[in-house]
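Student: Here's a structure for you.
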Amino acid sequence: MQPLIDPALFTILPLVYVAWADGELTADEADLIRAKSAWLTPPHRKALDGWLDASKPPTTSDLLRLRRTIREHAGSLNGAERLTLTELGASMAGVHGTVPGPEVLASLAELEDALAVGSALGDLIPDGRHEQTPCRREPPAFDLDAMSARLDGPQAKLKGEVRKFCVDSGFKHEPEMPKDEQREQVMDWIRTLSSSGYGTYAFPGVTSDATFAEFVSVFDTLAMCDLSLTVKFGVQFGLFGGSIYFLGSDEQQQKYLPDVAAGRLLGCFAMSEFGHGSNVRDLETTATFDAQTSTFVVNTPREAARKEWIGNAGLHGHMATVFAQLLVTNKDGVEENHGVHAVLVPIRDKKGKLAEGIRIEDCGHKMGLNGVDNGRIWFDQVRVPKENLLARFAEITEDGQYHSDIVSPGRRFFTMIGTLVGGRVAVGSSAVSASKAALSIAVRYSDRRQQFGPEEAPEVPILDYQTHKLRLLPRLARTYALNFAFLELVKRYVGKTEEDAREIEAMAAAFKVMGTWHATDVIQACREACGGQGYLSENRFLTLKNDSDIFTTFEGDNTVLCLLVAKSALTDFSQQFAEERVFGLARYLGRRATVALTQTNPVAVRQTDSAHLRSPEFWLEALQFRQDDLVASAAARLRAHMAKGNPFDAANIVGDHMVAVATAYAERSAGEIFWKAVQAEKSPALKAELSRQCTLYALDCIHQDSGWFQEQGYIAGVKARAIRSEISTLCSEIRPQASNLVDAFGISDELLQSHIGRMHRAPTA
């Protein structure tokens, strides 16, 4: 059923909604509504008739969308809870320049009386008492536009354009929308983005002059609007298109990417298998080269080898990048396995008919992201031309032989997989955007939602309660830290060289883990901070919570990625001694001894004054000490266990220790990057605010792992208590600017789409 979105219909919109919401609309009531709306033009009467057919009543989703439209407009009307339904409709129409005349208002007032629906107004303007409570926030102590620009970074202009584009294009998620409808809605949004050129940002040098930084900016900004849209965008342009861009030859890029960018060729990224998950090296799907026909035969050898959770496969994809074991017979007649490679396989024609040998099942309804059509794929001896092997790193020669400039199979595998690390950057950054949305809702609501207060005194905003500040503001500080961490990561990723590629891969994995686990934590905390209002679907936590949950799993399971980060840190640790052997080890032990003398002496571990605790010298050294100590102790444990058994068992036993190493690495890295951004800030007001955020972030990291620091003798119990007290003090200092700090994220009411998260003032971006 088409929504009544024309402003000319807004006058009658509340009456139509309530007439249905109160029960079944009778034929007599429908005729009465038609009679009293004779002032409408023929096209508008036709649109209204679709909602007055008693034999085809609107679905629950239709009514929810209609109610949402009314609430979005009614929420901005002063004193709206005292209006009649007719007055509410007239006010809504007036906002859009359509002012109903006296005769129209009189006719609708008669209709309202006849339908006896006036008492239902509260359903359209919920929680009116609290909405009218004035916000007691302080004026900004800093330039909001400047803060937004710092947070958006070098791509601030582009991010602002994408935010505006989402609003102007009507991208609005509907929490109760059926799966099939949601998929088509998101697909329409992808077409809109494609036709507006946003898909071209994914392929610098081929379809645009953009950089990876600009693509990530589009990607993570979309996350402020709808995460199904973000993921669908990522599947089409980042994964499917990205696989061709990073793994394909120049000819393959020119052949396919213009159509991918324009949305004419929709595709999938078919890597994961049911039986192997994160173990890409041992995938079982095969691509066997047939020299006689110059084709690859792609096959699923057993049920557990099916491709699983493949986005775009369930409904819309035409082609898949399939990762398979490449089998080629050499000149001696021996079949050789050259490891996992990527092959382009058509799976549907333009009309949606499955290709021969392809079987696809829909993954079904999920916890979230139901706007993304995930599917399972089986291949039954599917033939594709040899030109479909993505050939940047390997090819089949004219005489049917395998060739690669990278001789080592292991190095070749990690080179190919390493080109796809950009997906982790994008996913982690978009998780931070989801955290910003959640905090924008919770902080704004908490700043005006009042309850209790001193005896015989007015109620106070719940954000004034210390428990509430401690619940939200350290998480806000961590979000700021992650914001700057990802800005730096994107910058380094764009400029990476072969020498620093491994370091950047570790950083991308670490921040992806940190950002996605943070999103899961902060969205839950924000939902609780909003009480029952946070539990209402219309206030967005339903979709934020369910849609973001999988971010901790895809583009690399977080625990597995922690092991990758820890392995990188341990490799760096061992290389300190590999070149200089005894002298390198001696220097390391000397540094450790110096740390023990200067940082773990009885005075330092008990020092509790505020100036010391807030000094970057203290918390930077503390975070570095934790990382170094965990790396050294993990290395010692690994050596000890490897002496007793095989490397796999040793790594398995020390797995929890490795996760701790990765966490310490991520938190220390983010803290250092954030503090450098603070030091570089020229505005005194911005610098002061960012400094408080950075200090709160760092002290909270130490506080959250206070037990470890005390076990190591780095801080005494009295210092641990002082850190906890300093965090409370910082939260109280930050509290007056809390709403301003989330407003600096630049998420307008129209983009945020949360009734309780409204700014109640003009947006900053």
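The values are calculated or read from the model by the stated rules, or taken from the named source; none is laboratory data. If you're wondering where the values come from, they're calculated on a predicted model, not measured in any experiment. Cβ placement follows ideal geometry from the backbone for every residue including glycine, while neighbour counts extend to all protein chains displayed. Side chains included, ligands, DNA and RNA excluded: accessible areas come from the protein's heavy atoms. Shrake-Rupley method; radii C 1.70, N 1.55, O 1.52, S 1.80 Å.
Student: Per-residue counts of other Cβ atoms within 10 Å, averaged by peptide: what ranking do you get for 177-187, 33-43, highest first?
Tutor: Sorting 177-187, 33-43 by mean packing, highest first, produces 177-187, 33-43.
Student: Quote the relative contact order of the stretch 607-694 in percent (integer), defining contacts as alpha-carbon pairs under 8 Å separated by 6+ residues.
Tutor: Normalised by residue count, the contact order of the stretch 607-694 is 28 percent.
Student: Which whole-Hz couplings ³J(HN,Hα) result when phi for each residue of the stretch 710-715 is put into the Karplus expression 6.51 cos²θ - 1.76 cosθ + 1.60, θ = phi - 60°, listed in order with x for Gly and Pro?
Tutor: 6, 4, 7, x, 7, 9
Student: Something else now. Assign unit charges at the C-beta atoms only (+1 for Lys and Arg, -1 for Asp and Glu), then state the dipole size of the chain relative to its Cα centre in Debye, rounded to the nearest 20.
Tutor: So the magnitude is around 1640 debye.
Student: Straight-line reach only, C-alpha to C-alpha below 19 angstrom: list the lysines that Lys46 could link to, leaving out same-chain residues fewer than 8 apart.
Tutor: Lys36, Lys56
Student: Also, I was wondering about something else. Would you please state which residues of the stretch 197-223 a label at Gln254 would reach in this model, taking the label point 7 Å out along Cα→Cβ and a backbone N cut-off of under 20 Å?
Tutor: Inside the label zone: 200-210.
Student: Let me ask you something else. From the Cα trace of the stretch 371-426, what convex hull volume per residue do you get, rounded to a whole Å³?
Tutor: Expressed per residue, the convex hull around the Cα atoms of the stretch 371-426 is 154 Å³.
Student: Pull out a ≥ b ≥ c, the square roots of the eigenvalues of the alpha-carbon gyration tensor of the stretch 617-714, then state rounded if a/c is under 1.5, prolate if not and a/b is larger than b/c, and oblate in the remaining case.
Tutor: It is prolate, given that a/c is not under 1.5 and a/b is the larger ratio.
Student: Right, another one. Rounded, prolate or oblate for the stretch 392-508? Axes are the square roots of the Cα gyration tensor eigenvalues, ordered a ≥ b ≥ c, and the cut-off for rounded is a/c under 1.5.
Tutor: It is prolate, given that a/c is not under 1.5 and a/b is the larger ratio.
Student: Here's a follow-up. Once fully extended, how much extra length lies between Asp143 and Arg724, figured as 0.36 nm per residue of separation less the alpha-carbon to alpha-carbon distance?
Tutor: Roughly 206.1 nm would be gained on extension.
Student: If you put +1 on each Lys and Arg Cβ and -1 on each Asp and Glu Cβ, how big is the dipole of the stretch 701-765 around its Cα centre, in Debye rounded to 20?
Tutor: Approximately 220 debye in magnitude.
Student: Could you pull out the pairs from Lys307/Lys351; Lys172/Lys545; Lys307/Lys366 whose alpha carbons sit more than 20 Å apart here?
Tutor: Lys307/Lys351
Student: What residue among Leu327, Phe289, Gly352 has its Cα farthest toward the positive end of the dipole of the stretch 260-358, where the charges are +1 on Lys, Arg and -1 on Asp, Glu, each on the Cβ?
Tutor: Farthest along the dipole direction, towards plus: Gly352.
Student: Tell me, what is the per residue accessible area of the chain in Å², probe radius 1.4 Å?
Tutor: Per-residue value: 42 Å².
Student: What's the extension gain from Phe648 to Ser706 if we count 0.36 nm per residue and subtract their Cα-Cα distance?
Tutor: On the way: separation 58, 0.36 × 58 = 20.88 nm, distance 3.11 nm.
This chain segment gains 17.8 nm when fully extended.
Student: Ranked highest first by average number of other Cβ atoms within 10 Å, how do 275-285, 418-428, 385-395 line up?
Tutor: Per-residue mean Cβ counts within 10 Å order the peptides as 418-428, 385-395, 275-285.
Student: If you don't mind, there's one more thing I want to ask. Given q = 0.16, 0.18 Å⁻¹, what are the Debye log10 I(q)/I(0) values for the stretch 287-357, with equal point scatterers placed on the Cα positions and solvent ignored?
Tutor: Once normalised to I(0) and log-transformed, intensities are -0.65, -0.80.
Student: Give the relative contact order (percent, whole number) for the chain; include only Cα pairs under 8 Å separated by 6+ residues.
Tutor: On the way: 1172 pairs, mean separation 101.4, N = 765.
With pairs under 8 Å counted, the relative contact order is 13 percent.
Student: How much of the accessible area of the chain, in percent, comes from carbon and sulfur atoms when a 1.4 Å probe is used?
Tutor: Numbers: 17160 of 32040 Å².
C and S fraction of accessible area: 54 percent.
Student: While we're here: Only helical DSSP H runs with n ≥ 4 go in: add -39500 (n - 2.57) per run for the chain, normalise by residue count and round the 222 nm mean residue ellipticity to 500 deg cm²/dmol. Intermediate values should be presented prior to the final figure.
Tutor: Numbers: 30 runs with 411 residues, N = 765.
Rounded to the nearest 500, it is -17000 deg cm²/dmol.
Student: By the gyration tensor of its Cα atoms, with a ≥ b ≥ c the square roots of the eigenvalues, what is the shape of the stretch 159-288: rounded for a/c under 1.5, prolate for a/b over b/c, or oblate?
Tutor: It comes out oblate by the Cα gyration axes.
Student: Take the Cα radius of gyration of the chain and divide it by 2.2 N^0.38 Å, with N its residue count; two decimals is plenty.
Tutor: 1.07
Student: Please work out the C-alpha center-to-center distance from the stretch 144-185 to the stretch 207-272 and express it in whole Å.
Tutor: One Cα centre to the other: 18 Å.
Student: With unit charges on the beta carbons (Lys and Arg positive, Asp and Glu negative) and the dipole taken about the Cα centre of the chain, which residue among Leu741, Trp20, Ser548 sits farthest to the positive side?
Tutor: Comparing the listed Cα positions along the dipole, Leu741 ranks first.
Student: Taking the Cα centre as origin and putting +1 on Lys and Arg beta-carbons and -1 on Asp and Glu beta-carbons, what dipole magnitude results for the stretch 615-738, to the nearest 20 debye? Display every interim value, and only then the final one.
Tutor: Working: 13 positive and 15 negative charges, 8 e Å.
Around 40 debye, computed over the stretch 615-738.
Student: Now a separate question. How much length, in nm to one decimal, is gained on full extension between Gln575 and Arg359, taken as 0.36 nm per residue of separation minus their Cα-Cα distance?
Tutor: On the way: separation 216, 0.36 × 216 = 77.76 nm, distance 4.88 nm.
Length gained between Gln575 and Arg359: 72.9 nm.
Student: Show me 492-505, 690-703, 318-331 ranked by packing, highest mean number of other Cβ atoms within 10 Å first.
Tutor: 690-703, 318-331, 492-505
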